[in-house]
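All remarks here apply to the structure that follows.
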Amino acid sequence: MFKDFQIDLKQYGLQLDDYQNKQFERYYEILIEGNEKTNLTGIVEKIDVYTKHFLDSIVICKYLNKNSSLIDIGTGAGFPAVPIKIVRPDIEICMVDSVLKKIDFLQTLNQSLQIKSELIHARAEDLAKTRREKYDYCVSRAVANMSTLCEYCLPFVKIGGYFIAYKSENIEEELQKSLSAIKILGGKIEKVEEMVLPNDAGKRKLIFIKKVSATPKIFPRGKNKPRIEPL
Ligand code: SAM
(Lines give C-alpha, C1' and ligand atoms only; values in the text may rest on other atoms or scores of the structure.)
Protein backbone atom coordinates (compact mmCIF):
# COMPACT_ATOMS: atom_id res chain seq x y z
CA MET A 1 0.00 0.00 0.00
CA PHE A 2 1.17 3.53 -0.70
CA LYS A 3 0.74 4.49 2.94
CA ASP A 4 3.22 1.75 4.00
CA PHE A 5 5.88 3.85 2.25
CA GLN A 6 4.87 7.25 3.67
CA ILE A 7 3.36 8.25 0.33
CA ASP A 8 0.61 10.79 0.95
CA LEU A 9 -1.57 10.50 -2.16
CA LYS A 10 -3.77 13.46 -1.14
CA GLN A 11 -0.78 15.70 -1.76
CA TYR A 12 -1.04 14.73 -5.44
CA GLY A 13 -4.82 15.15 -5.58
CA LEU A 14 -5.37 11.37 -5.42
CA GLN A 15 -7.44 8.96 -3.35
CA LEU A 16 -7.70 5.17 -3.79
CA ASP A 17 -10.25 2.64 -2.57
CA ASP A 18 -9.46 -0.90 -1.33
CA TYR A 19 -9.95 -2.46 -4.76
CA GLN A 20 -7.48 -0.05 -6.39
CA ASN A 21 -4.94 -0.64 -3.59
CA LYS A 22 -5.28 -4.41 -4.18
CA GLN A 23 -4.74 -3.90 -7.93
CA PHE A 24 -1.43 -2.12 -7.21
CA GLU A 25 -0.38 -4.93 -4.81
CA ARG A 26 -1.09 -7.52 -7.50
CA TYR A 27 0.68 -5.41 -10.15
CA TYR A 28 3.80 -5.43 -7.97
CA GLU A 29 3.72 -9.25 -7.63
CA ILE A 30 3.16 -9.81 -11.36
CA LEU A 31 5.90 -7.31 -12.29
CA ILE A 32 8.45 -9.10 -10.09
CA GLU A 33 7.40 -12.55 -11.41
CA GLY A 34 7.46 -11.31 -15.01
CA ASN A 35 10.88 -9.71 -14.51
CA GLU A 36 12.39 -13.17 -14.00
CA LYS A 37 11.44 -14.14 -17.59
CA THR A 38 11.53 -10.82 -19.43
CA ASN A 39 13.70 -7.77 -18.76
CA LEU A 40 10.98 -5.36 -17.58
CA THR A 41 12.54 -3.14 -14.91
CA GLY A 42 15.73 -2.57 -12.97
CA ILE A 43 13.66 -1.22 -10.07
CA VAL A 44 12.50 -4.12 -7.89
CA GLU A 45 12.47 -3.00 -4.25
CA LYS A 46 8.84 -2.52 -3.26
CA ILE A 47 9.30 1.02 -1.91
CA ASP A 48 11.02 2.01 -5.16
CA VAL A 49 8.39 0.41 -7.40
CA TYR A 50 5.67 2.23 -5.44
CA THR A 51 7.48 5.56 -5.61
CA LYS A 52 9.38 5.56 -8.91
CA HIS A 53 6.92 3.57 -11.04
CA PHE A 54 3.44 3.68 -9.48
CA LEU A 55 3.31 7.15 -7.91
CA ASP A 56 5.39 8.68 -10.68
CA SER A 57 2.93 7.34 -13.29
CA ILE A 58 -0.23 8.60 -11.54
CA VAL A 59 0.81 12.17 -10.67
CA ILE A 60 -0.70 13.10 -14.04
CA CYS A 61 -4.22 11.87 -13.17
CA LYS A 62 -5.58 15.11 -11.73
CA TYR A 63 -4.95 16.87 -15.05
CA LEU A 64 -6.88 14.39 -17.24
CA ASN A 65 -10.47 15.08 -18.32
CA LYS A 66 -13.20 12.57 -17.50
CA ASN A 67 -13.95 9.86 -20.12
CA SER A 68 -11.07 11.01 -22.32
CA SER A 69 -8.84 8.82 -24.50
CA LEU A 70 -5.11 8.30 -23.97
CA ILE A 71 -2.32 6.49 -25.84
CA ASP A 72 0.98 5.52 -24.15
CA ILE A 73 3.93 5.24 -26.54
CA GLY A 74 6.73 2.84 -25.47
CA THR A 75 4.79 1.60 -22.47
CA GLY A 76 7.26 -1.21 -21.55
CA ALA A 77 5.92 -2.93 -18.41
CA GLY A 78 2.87 -0.61 -18.47
CA PHE A 79 4.24 2.72 -17.27
CA PRO A 80 2.54 5.10 -17.03
CA ALA A 81 -0.63 3.63 -18.67
CA VAL A 82 -1.54 0.79 -16.29
CA PRO A 83 -1.30 2.84 -13.05
CA ILE A 84 -3.32 5.60 -14.78
CA LYS A 85 -6.01 3.04 -15.74
CA ILE A 86 -6.15 1.69 -12.15
CA VAL A 87 -6.70 5.19 -10.77
CA ARG A 88 -8.87 6.45 -13.64
CA PRO A 89 -10.93 3.53 -15.06
CA ASP A 90 -13.08 6.10 -16.93
CA ILE A 91 -10.21 6.79 -19.35
CA GLU A 92 -9.98 4.74 -22.56
CA ILE A 93 -6.39 3.55 -22.83
CA CYS A 94 -4.22 2.26 -25.67
CA MET A 95 -0.72 0.93 -24.90
CA VAL A 96 1.94 0.61 -27.59
CA ASP A 97 5.34 -1.05 -27.59
CA SER A 98 7.65 -2.32 -30.31
CA VAL A 99 8.74 -5.38 -28.25
CA LEU A 100 6.33 -8.33 -28.42
CA LYS A 101 7.41 -9.84 -25.07
CA LYS A 102 6.32 -6.65 -23.32
CA ILE A 103 2.90 -6.77 -24.99
CA ASP A 104 2.59 -10.44 -23.95
CA PHE A 105 3.40 -9.46 -20.36
CA LEU A 106 0.78 -6.68 -20.48
CA GLN A 107 -1.86 -9.12 -21.72
CA THR A 108 -1.30 -11.36 -18.67
CA LEU A 109 -1.24 -8.30 -16.40
CA ASN A 110 -4.47 -6.83 -17.78
CA GLN A 111 -6.27 -10.15 -17.41
CA SER A 112 -5.12 -10.56 -13.85
CA LEU A 113 -6.04 -6.97 -12.88
CA GLN A 114 -9.30 -7.16 -14.87
CA ILE A 115 -8.32 -4.12 -16.85
CA LYS A 116 -9.69 -3.42 -20.32
CA SER A 117 -7.18 -1.54 -22.47
CA GLU A 118 -6.08 -1.89 -26.06
CA LEU A 119 -2.60 -3.41 -26.49
CA ILE A 120 -0.71 -2.84 -29.72
CA HIS A 121 2.59 -4.35 -30.81
CA ALA A 122 3.96 -1.74 -33.22
CA ARG A 123 6.48 1.02 -33.68
CA ALA A 124 4.96 4.43 -33.05
CA GLU A 125 6.07 5.64 -36.50
CA ASP A 126 4.06 2.88 -38.23
CA LEU A 127 0.98 3.08 -36.04
CA ALA A 128 0.73 6.85 -36.53
CA LYS A 129 -0.29 6.21 -40.16
CA THR A 130 -3.62 4.72 -39.11
CA ARG A 131 -4.27 6.44 -35.76
CA ARG A 132 -3.70 10.08 -36.66
CA GLU A 133 -5.27 12.69 -34.41
CA LYS A 134 -7.44 10.11 -32.61
CA TYR A 135 -6.56 10.70 -28.94
CA ASP A 136 -7.19 13.42 -26.36
CA TYR A 137 -3.82 12.66 -24.78
CA CYS A 138 -0.57 10.98 -25.74
CA VAL A 139 1.88 10.21 -22.93
CA SER A 140 5.37 8.76 -22.91
CA ARG A 141 7.99 8.07 -20.25
CA ALA A 142 11.68 7.17 -20.66
CA VAL A 143 11.52 6.52 -24.42
CA ALA A 144 13.53 9.22 -26.26
CA ASN A 145 14.67 12.85 -26.20
CA MET A 146 12.02 15.56 -26.63
CA SER A 147 12.48 16.18 -30.38
CA THR A 148 12.27 12.48 -31.24
CA LEU A 149 9.42 11.96 -28.80
CA CYS A 150 7.39 14.83 -30.26
CA GLU A 151 7.70 13.27 -33.72
CA TYR A 152 6.51 9.91 -32.33
CA CYS A 153 3.71 11.34 -30.19
CA LEU A 154 2.18 14.53 -31.61
CA PRO A 155 0.69 12.82 -34.72
CA PHE A 156 -1.64 10.79 -32.42
CA VAL A 157 -3.11 13.82 -30.65
CA LYS A 158 -6.40 15.49 -31.66
CA ILE A 159 -6.25 19.23 -32.25
CA GLY A 160 -6.94 20.76 -28.85
CA GLY A 161 -5.52 17.68 -27.07
CA TYR A 162 -2.15 17.27 -25.35
CA PHE A 163 1.07 15.34 -25.60
CA ILE A 164 2.34 15.10 -22.01
CA ALA A 165 5.98 14.05 -21.65
CA TYR A 166 7.34 12.65 -18.38
CA LYS A 167 10.78 14.17 -17.92
CA SER A 168 13.29 14.53 -15.12
CA GLU A 169 14.34 17.70 -13.38
CA ASN A 170 17.08 18.89 -15.75
CA ILE A 171 15.12 19.27 -18.95
CA GLU A 172 15.83 22.91 -19.90
CA GLU A 173 18.48 22.32 -22.57
CA GLU A 174 16.60 19.35 -24.09
CA LEU A 175 13.41 21.40 -24.16
CA GLN A 176 15.12 24.39 -25.81
CA LYS A 177 16.53 22.10 -28.53
CA SER A 178 13.06 20.71 -29.26
CA LEU A 179 11.26 24.05 -29.74
CA SER A 180 11.45 24.05 -33.54
CA ALA A 181 10.37 20.37 -33.72
CA ILE A 182 7.34 21.13 -31.54
CA LYS A 183 6.34 24.00 -33.84
CA ILE A 184 6.82 22.02 -37.08
CA LEU A 185 4.72 19.15 -35.67
CA GLY A 186 1.78 21.38 -34.69
CA GLY A 187 2.44 21.72 -30.96
CA LYS A 188 2.88 24.53 -28.46
CA ILE A 189 4.31 24.20 -24.94
CA GLU A 190 1.51 25.22 -22.60
CA LYS A 191 3.03 24.56 -19.19
CA VAL A 192 5.58 22.58 -17.24
CA GLU A 193 4.40 21.12 -13.93
CA GLU A 194 7.03 20.10 -11.39
CA MET A 195 6.50 17.73 -8.48
CA VAL A 196 8.70 16.30 -5.78
CA LEU A 197 8.54 12.54 -5.30
CA PRO A 198 9.05 11.16 -1.77
CA ASN A 199 11.63 8.58 -0.60
CA ASP A 200 14.52 10.45 -2.30
CA ALA A 201 13.09 9.70 -5.73
CA GLY A 202 13.83 13.22 -6.98
CA LYS A 203 11.69 15.59 -9.00
CA ARG A 204 9.41 14.91 -11.93
CA LYS A 205 8.53 17.38 -14.65
CA LEU A 206 5.44 16.98 -16.80
CA ILE A 207 5.71 18.88 -20.08
CA PHE A 208 2.27 19.78 -21.47
CA ILE A 209 2.36 20.32 -25.23
CA LYS A 210 -0.94 21.40 -26.73
CA LYS A 211 -1.78 20.33 -30.28
CA VAL A 212 -2.66 23.59 -31.98
CA SER A 213 -2.55 22.55 -35.66
CA ALA A 214 -2.46 19.35 -37.74
CA THR A 215 0.87 17.52 -37.95
CA PRO A 216 2.10 17.58 -41.59
CA LYS A 217 1.52 14.15 -43.24
CA ILE A 218 5.26 13.53 -43.82
CA PHE A 219 5.72 13.05 -40.03
CA PRO A 220 6.65 10.79 -38.36
CA ARG A 221 9.42 9.91 -40.81
CA GLY A 222 10.40 6.23 -41.36
CA LYS A 223 13.79 4.48 -41.31
CA ASN A 224 14.40 5.50 -37.70
CA LYS A 225 14.94 9.13 -38.80
CA PRO A 226 13.18 10.67 -35.75
CA ARG A 227 15.96 9.13 -33.63
CA ILE A 228 18.95 9.38 -36.00
CA GLU A 229 18.18 12.86 -37.36
CA PRO A 230 15.88 14.58 -34.85
CA LEU A 231 14.11 17.67 -36.19
N1 SAM B 1 7.56 3.74 -20.54
C2 SAM B 1 8.12 2.63 -19.79
C3 SAM B 1 8.65 3.10 -18.46
O4 SAM B 1 8.63 4.31 -18.21
O5 SAM B 1 9.11 2.26 -17.66
C6 SAM B 1 9.20 1.88 -20.60
C7 SAM B 1 10.44 2.65 -20.87
S8 SAM B 1 11.64 1.70 -21.76
C9 SAM B 1 13.12 2.46 -21.30
C10 SAM B 1 11.35 2.25 -23.44
C11 SAM B 1 10.29 1.41 -24.16
O12 SAM B 1 9.95 2.09 -25.38
C13 SAM B 1 10.76 0.02 -24.53
O14 SAM B 1 9.83 -0.92 -24.05
C15 SAM B 1 10.84 0.04 -26.06
O16 SAM B 1 10.52 -1.20 -26.61
C17 SAM B 1 9.81 1.12 -26.40
N18 SAM B 1 10.05 1.84 -27.68
C19 SAM B 1 11.18 2.49 -28.05
N20 SAM B 1 11.02 3.07 -29.26
C21 SAM B 1 9.74 2.77 -29.66
C22 SAM B 1 8.98 3.09 -30.83
N23 SAM B 1 9.49 3.81 -31.83
N24 SAM B 1 7.71 2.65 -30.90
C25 SAM B 1 7.17 1.90 -29.90
N26 SAM B 1 7.86 1.58 -28.77
C27 SAM B 1 9.12 2.00 -28.65
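The values are calculated or read from the model by the stated rules, or taken from the named source; none is laboratory data. Small disclaimer: the values here were computed from a predicted structure and weren't measured. Neighbour counts run over all protein chains shown; Cβ positions are idealised from the backbone, glycine included. For the accessible areas, the whole protein counts, side chains as well, though only heavy atoms, and no ligand, DNA or RNA atoms are used. Shrake-Rupley method; radii C 1.70, N 1.55, O 1.52, S 1.80 Å.
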Among Asp90, Asp200, Asp56, the residue with the largest mean-square fluctuation in a Gaussian network model of the chain built from Cα contacts under 10 Å is Asp200
For the stretch 118-127, take each phi angle, set θ = phi - 60°, evaluate the Karplus expression 6.51 cos²θ - 1.76 cosθ + 1.60, and give the result in whole Hz per residue in order, putting x for glycine and proline. 7, 10, 10, 8, 6, 7, 4, 4, 7, 5
Per DSSP, the loop-located GluC sites (Glu not before Pro) within the stretch 10-60 having at most 16 other beta carbons within 10 Å are Glu45
Which translational diffusion coefficient, to the nearest whole µm²/s, is obtained for the stretch 5-91 from the Stokes-Einstein equation, given a Kirkwood hydrodynamic radius over C-alpha pairs, 25 °C and 0.890 mPa s? 181 µm²/s
Cα-centred dipole magnitude for the stretch 31-159, charges only on beta-carbon of K, R (+1) and D, E (-1), debye, nearest 20: 260 debye
Once each part is reduced to its C-alpha centroid, what is the distance from the stretch 49-123 to the stretch 4-23 in angstrom? 17 Å
Counting only Cβ distances under 4.7 Å between cysteines, those in the chain with no partner are Cys61, Cys94, Cys150
Computed ³J(HN,Hα) along the stretch 31-46: with the Karplus parameters 6.51/-1.76/1.60, θ = phi - 60°, integer Hz and x for glycine or proline, the list is 4, 5, 4, x, 5, 6, 9, 10, 6, 9, 7, x, 9, 10, 4, 4
Work out how much length Thr108 to Ala142 would gain on full extension: take 0.36 nm times their residue separation and subtract the Cα-Cα distance, in nm to one decimal. 10.0 nm
Using unit Cβ charges (K, R positive; D, E negative) and no other charged atoms, how large, in debye to the nearest 20, is the dipole of the chain about its Cα centre? 1000 debye
Expected vector for the stretch 205-213, Karplus 3J(HN,Hα) from phi with 6.51, -1.76, 1.60 and θ = phi - 60°, integer Hz, x for Gly and Pro, equals 10, 9, 9, 9, 10, 7, 7, 9, 8
Take the Cα gyration tensor of the stretch 2-228, multiply each eigenvalue by 5, square-root it, and list the three semi-axes largest first, rounded to whole angstrom. 27, 20, 16
Would you please give the residues with an amide H less than 5 Å from that of Leu119, counting only those at least 5 places away or on a separate chain, with H modeled from the backbone geometry? Met95
Once both axes come from the Cα atoms, what is the angle between helix 100-113 and the longest principal axis of the chain, in degrees from 0 to 90, rounded to 10? 50 degrees
My understanding is that a pair violates if its Cα-Cα distance is over 20 Å; which of Lys158/Lys210; Lys85/Lys225; Lys167/Lys203; Lys62/Lys203; Lys62/Lys205 do that in this structure? Lys85/Lys225
In Å², what does the accessible area per residue of the chain work out to with a 1.4 Å probe? 48 Å²
Using +1 at the Cβ of each Lys and Arg and -1 at the Cβ of each Asp and Glu in the chain, identify which of Ile7, Tyr28, Leu154 lies farthest towards the dipole's positive end. Leu154
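Could you look at the chain and say what percent of its accessible area is carbon and sulfur, using a 1.4 Å probe and all protein chains?
Looking at the chain in its full context, I get 48 percent from C and S.
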Given +1 on the Cβ of Lys and Arg, -1 on the Cβ of Asp and Glu, and no further charges, what dipole in debye does the stretch 70-125 carry about its Cα centre, rounded to the nearest 20? 140 debye
Given H placed on each backbone N at 1.01 Å, which residues far from Cys138 in sequence or on other chains put an amide H within less than 5 Å of it? Ile71, Tyr162, Phe163, Ile164
